[in-house]
1. Would you kindly identify the helices (runs of 4 or more DSSP H) lying entirely within the stretch 39-155 that contain at least 1 residues that are at pLDDT 80 or above?
2. List the pairs whose first member sits in the stretch 111-135 and is touching a residue at least 60 places away in the same chain (Cβ under 8 Å) and farther than 16 Å from His49 by Cα, whose second member is part of a helix (DSSP H, G or I) and open to solvent by less than 40 Å² (accessible area, probe 1.4 Å), and whose Cβ atoms are under 8 Å apart, counting only residues at least 6 apart or on separate chains?
3. Can you give me the number of residues within the stretch 27-57 that are closer than 14 Å to Met17 by Cα, open to solvent by less than 10 Å² (accessible area, probe 1.4 Å) and either basic (Lys, Arg) or more than 14 Å from the chain's Cα centre (by Cα) (or both)?
Amino acid sequence: MTGVQTCALPISIKLEMDGKDYYLEKAEIVTSSLTKRVFQSLADDEERHLQKVKAIYHAVKTVGGWPQHETLVPSANDLNQIFSDAKDEASPINEKTTDYDALKLAVEMEKKSITFYADLQSKAEVEDEKQFLDMIIAEEEEHLRILTDTMYYLFNTADFFSEEEKSMYE
């Protein structure tokens, strides 16, 4: 096991566990059904990441090297559908609600995850490891996009729909 793998995989496991726990906890207390569904979906993604990282860590510990063809399966959830479903639901909320703070912290967590995984990717020695990290970075970037879109939708609803419609005609 290389130095990057020895240090990074247990940290990755904790990072994914913390993310999942955060999303599940906040899904119980936020007021917007949109935020609740986004957090529940992201918790599912973090669980998937967690299981994959644990499997890789086990293989690295028992075999002594990166497992062959270990990849992150794309999410079955279509988070974009959540936004189109939300159009007919609750009205925008204001910045004083718990949703705003929960989303803001989630954005910061995803940014830190991206930075962490990008740093690991730059140090990765095995091609399969690099590919895995590329995929997890892409998923974390998608999480960040979903979270920022959720904030934009909830706190700037009119602008959100203007941008959505504008992009359809460009």
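The values are calculated or read from the model by the stated rules, or taken from the named source; none is laboratory data. These figures come from a predicted structure and were not determined experimentally. All Cβ positions, glycine included, derive from the backbone under ideal geometry; neighbour counts span all protein chains shown. What goes into the accessible areas is simple: the full protein's heavy atoms, side chains included, and nothing from ligands, DNA or RNA. Shrake-Rupley method; radii C 1.70, N 1.55, O 1.52, S 1.80 Å.
1. 98-123, 127-155
2. The qualifying pairs are Lys123/Val4; Ala124/Val4; Ala124/Leu133; Glu125/Val4.
3. Counting residues in the stretch 27-57 that are closer than 14 Å to Met17 by Cα, open to solvent by less than 10 Å² (accessible area, probe 1.4 Å) and either basic (Lys, Arg) or more than 14 Å from the chain's Cα centre (by Cα) (or both) gives 1.
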